[in-house]
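To start, the structure itself, in C-alpha coordinates.
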Amino acid sequence: MSTGNGADSAPGHISTTIGAAHPAARAGKNLGAPPGAGRGGMFSSLKIRNYRLFATGQVVSNTGTWMQRIAQDWLVLSLTGSASAVGITIALQFLPMLMFGLYGGVLADRLPKRPLLLATQSAMGLTGLALAALTLAGHVQVWHVYLAAFALGLVTVVDNPARQTFVPEMVGKDQVANAVSLNSANFQSARLVGPAIAGVLITAVGSGWAFLLNGLSFAAPIAGLLLMRTHELHPVEPRPRAKGQLREGLRYVAGRPELVWPIVLVGFIGTFGFNFPIWLSAFVSDVFHGDAGTYGLFNTLIAAGSLAGALLAARRGQSRLRVLVAAAALFSVLLLVTAFAPGFWLFAALLVPIGVFGLTVNVTANSSVQMATAPEMRGRVMALFMMVFTGGTPLGAPLLGWITDTYGARIGMASGALISLAASVAIAVVLARVGNLRLRLDRRGLTFVPAVAHRPELVKVA
(Lines give C-alpha, C1' and ligand atoms only; values in the text may rest on other atoms or scores of the structure.)
Protein backbone atom coordinates (compact mmCIF):
# COMPACT_ATOMS: atom_id res chain seq x y z
CA MET A 1 0.00 0.00 0.00
CA SER A 2 1.37 3.39 -0.87
CA THR A 3 0.24 6.92 -1.51
CA GLY A 4 1.57 6.79 -5.04
CA ASN A 5 5.17 7.61 -5.84
CA GLY A 6 5.81 9.48 -2.61
CA ALA A 7 4.64 10.07 0.93
CA ASP A 8 3.23 13.45 0.00
CA SER A 9 0.73 12.08 -2.49
CA ALA A 10 -2.94 12.42 -1.83
CA PRO A 11 -4.06 10.00 0.89
CA GLY A 12 -6.86 8.64 -1.24
CA HIS A 13 -4.46 7.20 -3.83
CA ILE A 14 -3.61 3.89 -2.23
CA SER A 15 -1.79 1.19 -4.14
CA THR A 16 -1.91 -2.47 -3.30
CA THR A 17 1.89 -2.41 -3.24
CA ILE A 18 3.14 -1.63 0.25
CA GLY A 19 6.27 0.31 0.91
CA ALA A 20 6.58 2.55 -2.14
CA ALA A 21 6.20 5.68 -0.05
CA HIS A 22 9.72 5.52 1.34
CA PRO A 23 11.85 8.52 0.24
CA ALA A 24 14.16 6.18 -1.65
CA ALA A 25 11.24 5.16 -3.81
CA ARG A 26 11.07 8.73 -5.02
CA ALA A 27 14.69 8.37 -6.11
CA GLY A 28 13.73 5.39 -8.23
CA LYS A 29 14.70 2.63 -5.81
CA ASN A 30 12.29 -0.29 -5.54
CA LEU A 31 12.21 -0.89 -1.82
CA GLY A 32 9.23 -3.21 -2.20
CA ALA A 33 11.41 -5.94 -3.68
CA PRO A 34 13.30 -8.07 -1.20
CA PRO A 35 17.08 -7.90 -1.25
CA GLY A 36 17.10 -11.60 -2.01
CA ALA A 37 15.69 -10.84 -5.46
CA GLY A 38 18.86 -10.49 -7.46
CA ARG A 39 20.92 -9.78 -4.35
CA GLY A 40 21.97 -13.21 -3.14
CA GLY A 41 18.74 -15.04 -2.36
CA MET A 42 16.75 -15.81 0.74
CA PHE A 43 19.64 -15.41 3.21
CA SER A 44 21.42 -12.46 1.59
CA SER A 45 21.51 -10.36 4.77
CA LEU A 46 23.65 -12.99 6.49
CA LYS A 47 26.53 -12.11 4.16
CA ILE A 48 26.95 -8.94 6.24
CA ARG A 49 29.24 -9.66 9.20
CA ASN A 50 27.59 -7.31 11.69
CA TYR A 51 24.15 -8.67 10.95
CA ARG A 52 25.48 -12.23 11.16
CA LEU A 53 26.79 -11.53 14.67
CA PHE A 54 23.48 -9.93 15.61
CA ALA A 55 21.43 -12.85 14.24
CA THR A 56 23.61 -15.45 15.99
CA GLY A 57 23.24 -13.73 19.34
CA GLN A 58 19.52 -13.28 18.86
CA VAL A 59 18.84 -16.94 18.09
CA VAL A 60 20.51 -17.91 21.39
CA SER A 61 18.67 -15.33 23.49
CA ASN A 62 15.39 -15.94 21.64
CA THR A 63 15.64 -19.64 22.52
CA GLY A 64 16.05 -18.65 26.16
CA THR A 65 13.17 -16.19 25.89
CA TRP A 66 10.83 -18.89 24.59
CA MET A 67 11.94 -21.22 27.36
CA GLN A 68 11.06 -18.55 29.90
CA ARG A 69 7.71 -17.80 28.28
CA ILE A 70 6.63 -21.44 28.45
CA ALA A 71 7.99 -21.88 31.97
CA GLN A 72 6.39 -18.64 33.14
CA ASP A 73 2.94 -19.50 31.79
CA TRP A 74 3.08 -23.03 33.16
CA LEU A 75 4.34 -21.85 36.55
CA VAL A 76 1.47 -19.37 36.90
CA LEU A 77 -1.04 -22.01 35.82
CA SER A 78 0.45 -24.49 38.33
CA LEU A 79 0.34 -21.94 41.17
CA THR A 80 -3.18 -20.70 40.49
CA GLY A 81 -4.98 -23.17 38.18
CA SER A 82 -6.43 -20.15 36.36
CA ALA A 83 -6.24 -19.11 32.71
CA SER A 84 -7.15 -15.61 33.88
CA ALA A 85 -3.95 -15.50 35.95
CA VAL A 86 -1.97 -16.42 32.83
CA GLY A 87 -3.77 -13.60 31.04
CA ILE A 88 -2.85 -11.15 33.82
CA THR A 89 0.81 -12.17 33.55
CA ILE A 90 0.78 -11.54 29.81
CA ALA A 91 -1.05 -8.26 30.31
CA LEU A 92 1.52 -7.03 32.84
CA GLN A 93 4.36 -7.91 30.47
CA PHE A 94 2.85 -5.82 27.68
CA LEU A 95 1.23 -3.06 29.78
CA PRO A 96 4.41 -0.91 29.78
CA MET A 97 4.39 -0.94 25.98
CA LEU A 98 0.84 0.41 25.99
CA MET A 99 1.69 3.06 28.60
CA PHE A 100 5.15 4.17 27.53
CA GLY A 101 5.75 2.69 24.07
CA LEU A 102 5.92 6.01 22.24
CA TYR A 103 8.47 7.38 24.69
CA GLY A 104 10.64 4.34 23.97
CA GLY A 105 10.54 5.31 20.31
CA VAL A 106 11.61 8.86 21.12
CA LEU A 107 14.61 7.47 23.05
CA ALA A 108 15.47 5.13 20.16
CA ASP A 109 15.57 8.14 17.80
CA ARG A 110 17.64 10.23 20.24
CA LEU A 111 20.28 7.71 21.35
CA PRO A 112 22.89 5.60 19.50
CA LYS A 113 21.35 2.15 18.98
CA ARG A 114 24.29 -0.14 19.77
CA PRO A 115 25.07 1.20 23.30
CA LEU A 116 21.35 1.37 24.01
CA LEU A 117 20.91 -2.30 23.07
CA LEU A 118 23.86 -3.30 25.26
CA ALA A 119 22.03 -1.75 28.22
CA THR A 120 18.61 -3.25 27.45
CA GLN A 121 19.89 -6.74 26.69
CA SER A 122 21.85 -6.75 29.97
CA ALA A 123 18.77 -5.66 31.92
CA MET A 124 16.63 -8.40 30.33
CA GLY A 125 19.21 -11.01 31.29
CA LEU A 126 19.21 -9.81 34.90
CA THR A 127 15.41 -10.09 35.01
CA GLY A 128 15.59 -13.76 34.03
CA LEU A 129 18.32 -14.46 36.61
CA ALA A 130 16.27 -12.84 39.40
CA LEU A 131 13.24 -14.99 38.63
CA ALA A 132 15.48 -18.06 38.47
CA ALA A 133 16.89 -17.33 41.92
CA LEU A 134 13.41 -17.04 43.46
CA THR A 135 12.13 -20.18 41.78
CA LEU A 136 15.16 -22.39 42.49
CA ALA A 137 15.16 -21.24 46.13
CA GLY A 138 11.54 -22.37 46.44
CA HIS A 139 10.23 -18.93 47.41
CA VAL A 140 8.48 -17.95 44.19
CA GLN A 141 4.94 -16.63 44.42
CA VAL A 142 2.54 -15.43 41.76
CA TRP A 143 3.21 -11.78 42.54
CA HIS A 144 6.92 -12.38 41.91
CA VAL A 145 6.12 -13.59 38.40
CA TYR A 146 3.81 -10.61 37.88
CA LEU A 147 6.58 -8.22 38.97
CA ALA A 148 9.20 -9.90 36.76
CA ALA A 149 6.84 -9.76 33.78
CA PHE A 150 6.19 -6.05 34.34
CA ALA A 151 9.92 -5.30 34.73
CA LEU A 152 10.68 -7.17 31.51
CA GLY A 153 7.96 -5.15 29.80
CA LEU A 154 9.54 -1.88 30.95
CA VAL A 155 12.88 -2.82 29.40
CA THR A 156 11.14 -3.98 26.21
CA VAL A 157 9.64 -0.49 25.78
CA VAL A 158 13.10 0.75 24.78
CA ASP A 159 14.61 -2.51 23.49
CA ASN A 160 11.96 -3.17 20.84
CA PRO A 161 12.19 0.06 18.83
CA ALA A 162 15.97 0.17 19.29
CA ARG A 163 16.36 -3.40 17.98
CA GLN A 164 13.93 -2.85 15.11
CA THR A 165 15.60 0.36 13.96
CA PHE A 166 19.13 -1.02 14.39
CA VAL A 167 18.49 -3.49 11.55
CA PRO A 168 18.77 -0.88 8.74
CA GLU A 169 21.95 0.44 10.38
CA MET A 170 23.51 -3.02 10.12
CA VAL A 171 22.37 -4.04 6.64
CA GLY A 172 21.64 -0.81 4.74
CA LYS A 173 18.35 0.20 3.17
CA ASP A 174 18.53 -2.30 0.29
CA GLN A 175 18.52 -5.27 2.66
CA VAL A 176 15.85 -4.14 5.13
CA ALA A 177 12.99 -6.35 3.89
CA ASN A 178 15.16 -9.46 3.79
CA ALA A 179 16.64 -8.78 7.23
CA VAL A 180 13.21 -8.17 8.80
CA SER A 181 11.99 -11.51 7.42
CA LEU A 182 15.12 -13.30 8.61
CA ASN A 183 14.70 -11.74 12.06
CA SER A 184 11.27 -13.34 12.21
CA ALA A 185 12.67 -16.64 10.94
CA ASN A 186 15.35 -16.38 13.63
CA PHE A 187 12.73 -15.79 16.31
CA GLN A 188 10.57 -18.65 15.10
CA SER A 189 13.54 -21.03 14.82
CA ALA A 190 14.18 -20.38 18.49
CA ARG A 191 10.50 -20.93 19.12
CA LEU A 192 10.86 -24.43 17.69
CA VAL A 193 13.63 -25.30 20.13
CA GLY A 194 12.79 -23.25 23.22
CA PRO A 195 9.37 -24.75 24.09
CA ALA A 196 10.65 -28.29 23.58
CA ILE A 197 13.61 -27.69 25.93
CA ALA A 198 11.33 -25.92 28.41
CA GLY A 199 8.88 -28.83 28.41
CA VAL A 200 11.68 -31.29 29.21
CA LEU A 201 13.20 -29.05 31.90
CA ILE A 202 9.88 -28.30 33.60
CA THR A 203 8.98 -31.98 33.71
CA ALA A 204 12.44 -33.11 34.85
CA VAL A 205 13.75 -30.40 37.20
CA GLY A 206 11.22 -27.54 37.32
CA SER A 207 10.73 -24.06 35.86
CA GLY A 208 13.66 -22.44 37.65
CA TRP A 209 16.28 -23.94 35.35
CA ALA A 210 14.48 -22.55 32.29
CA PHE A 211 14.60 -19.08 33.86
CA LEU A 212 18.30 -19.52 34.65
CA LEU A 213 19.22 -20.56 31.12
CA ASN A 214 17.25 -17.63 29.73
CA GLY A 215 19.16 -15.18 31.89
CA LEU A 216 22.50 -16.65 30.82
CA SER A 217 21.47 -16.68 27.12
CA PHE A 218 21.71 -12.89 26.92
CA ALA A 219 25.49 -13.18 27.03
CA ALA A 220 25.32 -14.13 23.32
CA PRO A 221 23.69 -10.94 21.93
CA ILE A 222 25.83 -8.79 24.24
CA ALA A 223 28.97 -10.47 22.86
CA GLY A 224 27.69 -10.02 19.30
CA LEU A 225 27.13 -6.30 19.83
CA LEU A 226 30.60 -5.86 21.33
CA LEU A 227 32.28 -7.71 18.43
CA MET A 228 30.67 -5.60 15.69
CA ARG A 229 32.78 -3.46 13.38
CA THR A 230 31.34 -0.02 14.00
CA HIS A 231 32.86 1.45 10.83
CA GLU A 232 30.72 -0.97 8.75
CA LEU A 233 27.45 0.28 10.26
CA HIS A 234 25.14 2.74 8.50
CA PRO A 235 24.30 4.91 11.52
CA VAL A 236 21.43 7.36 11.48
CA GLU A 237 22.29 10.66 13.10
CA PRO A 238 20.52 10.72 16.51
CA ARG A 239 17.80 13.32 16.78
CA PRO A 240 18.67 16.13 19.22
CA ARG A 241 16.40 16.51 22.21
CA ALA A 242 13.52 18.84 21.41
CA LYS A 243 9.98 19.56 22.50
CA GLY A 244 7.09 17.93 20.69
CA GLN A 245 8.96 14.95 19.22
CA LEU A 246 6.29 12.51 20.32
CA ARG A 247 3.53 14.59 18.74
CA GLU A 248 5.68 14.97 15.63
CA GLY A 249 5.81 11.19 15.30
CA LEU A 250 2.05 10.83 15.67
CA ARG A 251 1.39 13.54 13.08
CA TYR A 252 3.82 11.86 10.71
CA VAL A 253 1.93 8.55 10.89
CA ALA A 254 -1.54 10.14 10.81
CA GLY A 255 -0.87 11.75 7.44
CA ARG A 256 0.28 8.54 5.74
CA PRO A 257 -2.26 5.80 4.96
CA GLU A 258 0.58 3.44 4.04
CA LEU A 259 1.51 3.53 7.74
CA VAL A 260 -1.88 3.88 9.41
CA TRP A 261 -3.70 0.85 8.03
CA PRO A 262 -1.06 -1.85 8.56
CA ILE A 263 -0.70 -0.57 12.13
CA VAL A 264 -4.46 -0.64 12.73
CA LEU A 265 -4.78 -4.16 11.33
CA VAL A 266 -1.95 -5.67 13.38
CA GLY A 267 -3.40 -3.89 16.40
CA PHE A 268 -6.61 -5.90 16.16
CA ILE A 269 -4.81 -9.14 15.37
CA GLY A 270 -2.30 -8.65 18.18
CA THR A 271 -4.93 -7.72 20.76
CA PHE A 272 -7.51 -10.40 20.05
CA GLY A 273 -5.87 -13.05 17.86
CA PHE A 274 -2.45 -13.63 19.45
CA ASN A 275 -3.52 -14.91 22.87
CA PHE A 276 -2.07 -18.38 22.49
CA PRO A 277 -0.65 -18.71 26.04
CA ILE A 278 -4.20 -18.39 27.38
CA TRP A 279 -5.88 -20.67 24.87
CA LEU A 280 -3.23 -23.35 24.56
CA SER A 281 -2.77 -23.71 28.33
CA ALA A 282 -6.55 -24.00 28.70
CA PHE A 283 -6.82 -26.60 25.91
CA VAL A 284 -3.97 -28.59 27.46
CA SER A 285 -5.40 -28.61 30.98
CA ASP A 286 -9.17 -28.62 30.39
CA VAL A 287 -9.80 -30.18 26.97
CA PHE A 288 -6.95 -32.62 26.28
CA HIS A 289 -5.77 -33.13 29.90
CA GLY A 290 -2.10 -32.95 28.96
CA ASP A 291 1.03 -31.69 30.73
CA ALA A 292 3.88 -29.25 30.16
CA GLY A 293 5.20 -31.43 27.33
CA THR A 294 1.88 -31.11 25.49
CA TYR A 295 1.95 -27.35 25.95
CA GLY A 296 5.47 -27.25 24.56
CA LEU A 297 4.39 -29.38 21.58
CA PHE A 298 1.56 -26.98 20.69
CA ASN A 299 3.90 -23.99 20.82
CA THR A 300 6.45 -25.83 18.71
CA LEU A 301 3.85 -26.55 16.02
CA ILE A 302 2.85 -22.89 15.83
CA ALA A 303 6.55 -22.03 15.64
CA ALA A 304 7.07 -24.45 12.74
CA GLY A 305 4.34 -22.72 10.77
CA SER A 306 5.68 -19.29 11.72
CA LEU A 307 9.17 -20.24 10.56
CA ALA A 308 7.76 -21.35 7.20
CA GLY A 309 5.84 -18.07 6.96
CA ALA A 310 8.99 -16.05 7.70
CA LEU A 311 11.05 -17.86 5.07
CA LEU A 312 8.29 -17.41 2.50
CA ALA A 313 8.26 -13.70 3.34
CA ALA A 314 12.02 -13.53 2.75
CA ARG A 315 11.48 -14.86 -0.78
CA ARG A 316 8.43 -12.77 -1.55
CA GLY A 317 8.53 -9.76 -3.85
CA GLN A 318 6.81 -6.56 -2.88
CA SER A 319 4.70 -6.50 0.27
CA ARG A 320 1.19 -6.23 -1.11
CA LEU A 321 -2.02 -4.99 0.40
CA ARG A 322 -3.88 -8.13 -0.61
CA VAL A 323 -1.25 -10.32 1.08
CA LEU A 324 -1.63 -8.46 4.36
CA VAL A 325 -5.43 -8.41 4.36
CA ALA A 326 -5.83 -11.97 3.04
CA ALA A 327 -3.35 -13.37 5.55
CA ALA A 328 -5.21 -11.65 8.41
CA ALA A 329 -8.54 -13.05 7.23
CA LEU A 330 -7.19 -16.58 6.72
CA PHE A 331 -5.47 -16.50 10.10
CA SER A 332 -8.78 -15.58 11.74
CA VAL A 333 -10.75 -18.27 9.89
CA LEU A 334 -8.19 -20.94 10.80
CA LEU A 335 -8.32 -19.83 14.44
CA LEU A 336 -12.10 -20.21 14.40
CA VAL A 337 -11.96 -23.68 12.83
CA THR A 338 -9.27 -24.81 15.27
CA ALA A 339 -11.35 -23.69 18.24
CA PHE A 340 -13.91 -26.40 17.41
CA ALA A 341 -11.52 -29.10 16.18
CA PRO A 342 -12.95 -32.35 17.61
CA GLY A 343 -9.73 -34.28 18.15
CA PHE A 344 -6.23 -33.75 19.55
CA TRP A 345 -4.27 -34.38 16.36
CA LEU A 346 -6.54 -32.28 14.14
CA PHE A 347 -6.21 -29.42 16.63
CA ALA A 348 -2.43 -29.86 16.64
CA ALA A 349 -2.16 -30.01 12.84
CA LEU A 350 -4.16 -26.79 12.40
CA LEU A 351 -1.69 -24.90 14.58
CA VAL A 352 0.89 -25.06 11.76
CA PRO A 353 -1.05 -23.01 9.16
CA ILE A 354 -2.14 -20.66 11.94
CA GLY A 355 1.55 -19.98 12.50
CA VAL A 356 2.14 -19.44 8.76
CA PHE A 357 -0.57 -16.81 8.30
CA GLY A 358 -0.07 -15.13 11.68
CA LEU A 359 3.60 -14.59 10.92
CA THR A 360 2.78 -13.41 7.38
CA VAL A 361 0.60 -10.65 8.85
CA ASN A 362 3.34 -9.56 11.23
CA VAL A 363 6.26 -9.61 8.76
CA THR A 364 4.34 -7.98 5.91
CA ALA A 365 3.14 -5.15 8.11
CA ASN A 366 6.52 -4.73 9.84
CA SER A 367 8.65 -4.57 6.70
CA SER A 368 6.21 -2.30 4.87
CA VAL A 369 6.08 0.18 7.76
CA GLN A 370 9.88 0.26 8.07
CA MET A 371 10.37 0.80 4.35
CA ALA A 372 7.73 3.52 4.16
CA THR A 373 9.25 5.52 7.03
CA ALA A 374 11.97 8.17 6.85
CA PRO A 375 15.08 7.07 8.82
CA GLU A 376 14.93 9.95 11.30
CA MET A 377 11.33 9.00 12.23
CA ARG A 378 11.77 5.23 12.28
CA GLY A 379 12.20 4.83 16.05
CA ARG A 380 8.93 6.59 16.85
CA VAL A 381 6.99 4.90 14.05
CA MET A 382 8.21 1.41 14.99
CA ALA A 383 7.49 2.15 18.64
CA LEU A 384 3.92 2.99 17.66
CA PHE A 385 3.76 -0.20 15.57
CA MET A 386 4.94 -2.34 18.49
CA MET A 387 2.78 -0.43 20.97
CA VAL A 388 -0.31 -1.17 18.94
CA PHE A 389 0.70 -4.76 18.12
CA THR A 390 1.69 -5.83 21.63
CA GLY A 391 0.34 -2.99 23.75
CA GLY A 392 -3.24 -4.08 23.14
CA THR A 393 -2.50 -7.34 24.97
CA PRO A 394 -3.24 -5.83 28.42
CA LEU A 395 -6.74 -5.16 27.10
CA GLY A 396 -7.30 -8.37 25.16
CA ALA A 397 -5.57 -10.93 27.40
CA PRO A 398 -7.59 -10.40 30.63
CA LEU A 399 -10.86 -10.21 28.65
CA LEU A 400 -10.19 -13.37 26.67
CA GLY A 401 -8.79 -15.05 29.79
CA TRP A 402 -12.07 -14.34 31.58
CA ILE A 403 -14.11 -15.64 28.63
CA THR A 404 -11.92 -18.77 28.54
CA ASP A 405 -12.32 -19.40 32.28
CA THR A 406 -16.06 -18.75 32.22
CA TYR A 407 -17.16 -20.39 28.97
CA GLY A 408 -14.31 -22.76 28.17
CA ALA A 409 -11.26 -22.88 25.91
CA ARG A 410 -13.22 -23.33 22.67
CA ILE A 411 -15.44 -20.28 23.20
CA GLY A 412 -12.44 -18.23 24.32
CA MET A 413 -10.47 -18.98 21.14
CA ALA A 414 -13.54 -18.56 18.93
CA SER A 415 -14.21 -15.12 20.44
CA GLY A 416 -10.74 -13.89 19.55
CA ALA A 417 -11.07 -15.36 16.06
CA LEU A 418 -14.39 -13.65 15.35
CA ILE A 419 -13.15 -10.23 16.48
CA SER A 420 -10.01 -10.60 14.35
CA LEU A 421 -12.04 -11.69 11.33
CA ALA A 422 -14.48 -8.80 11.67
CA ALA A 423 -11.57 -6.36 11.86
CA SER A 424 -9.87 -7.89 8.80
CA VAL A 425 -13.03 -7.61 6.70
CA ALA A 426 -13.83 -4.09 7.92
CA ILE A 427 -10.31 -2.80 7.19
CA ALA A 428 -10.35 -4.45 3.76
CA VAL A 429 -13.57 -2.58 2.96
CA VAL A 430 -12.17 0.72 4.26
CA LEU A 431 -8.98 0.32 2.25
CA ALA A 432 -10.92 -0.52 -0.89
CA ARG A 433 -13.03 2.62 -0.49
CA VAL A 434 -10.11 4.91 0.31
CA GLY A 435 -8.10 3.54 -2.62
CA ASN A 436 -11.11 3.48 -4.97
CA LEU A 437 -10.74 -0.30 -5.39
CA ARG A 438 -13.07 -3.25 -5.71
CA LEU A 439 -12.60 -6.98 -5.25
CA ARG A 440 -12.57 -9.24 -8.31
CA LEU A 441 -12.59 -13.01 -8.37
CA ASP A 442 -10.49 -14.48 -11.17
CA ARG A 443 -8.30 -17.53 -11.79
CA ARG A 444 -5.69 -16.10 -9.37
CA GLY A 445 -8.27 -15.76 -6.60
CA LEU A 446 -9.47 -12.53 -5.01
CA THR A 447 -7.62 -9.43 -6.21
CA PHE A 448 -8.06 -5.67 -5.85
CA VAL A 449 -8.70 -3.83 -9.12
CA PRO A 450 -9.49 -0.16 -9.86
CA ALA A 451 -13.14 0.72 -9.45
CA VAL A 452 -12.66 3.39 -12.16
CA ALA A 453 -11.21 2.00 -15.37
CA HIS A 454 -9.54 5.22 -16.51
CA ARG A 455 -7.39 5.54 -13.35
CA PRO A 456 -5.22 2.42 -13.44
CA GLU A 457 -2.36 4.22 -11.70
CA LEU A 458 -4.20 3.84 -8.41
CA VAL A 459 -3.46 0.13 -8.18
CA LYS A 460 -0.55 -2.14 -8.77
CA VAL A 461 -1.77 -5.73 -8.79
CA ALA A 462 0.67 -8.63 -8.60
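The values are calculated or read from the model by the stated rules, or taken from the named source; none is laboratory data. Remember, predicted model here, so these are calculated numbers, not experimental data. Don't worry about glycine lacking a Cβ; one is built from the backbone with ideal geometry, like all the others, and counts go over all protein chains shown. Surface areas here come from the heavy atoms of the whole protein model, side chains and all, with no ligands, DNA or RNA. Shrake-Rupley method; radii C 1.70, N 1.55, O 1.52, S 1.80 Å.
Miscellaneous remarks
- Solution diffusion estimate, µm²/s, Stokes-Einstein, the stretch 72-150, Kirkwood Rh from C-alpha pairs, 4 °C, viscosity 1.567 mPa s: 92 µm²/s
- Length available on full extension from residue 122 to residue 406: 0.36 nm per residue minus the Cα-Cα distance, which gives 98.3 nm.
- Sorting 47, 173, 243, 113 on solvent-accessible area from highest to lowest, probe radius 1.4 Å, gives 243, 47, 173, 113.
- Over the stretch 270-317, equivalent-ellipsoid semi-axes from the Cα gyration tensor in Å: 27, 13, 6
- By the Cα gyration tensor, the stretch 184-250 has an equivalent ellipsoid whose semi-axes, rounded to whole angstrom, run 37, 18, 13 from largest to smallest.
- The listed residues 222, 88 rank as 88, 222 when sorted by accessible area, largest first, using a 1.4 Å probe.
- Label-point separation in nm, residue 344 to residue 312, each point 7 Å along Cα→Cβ: 2.8 nm
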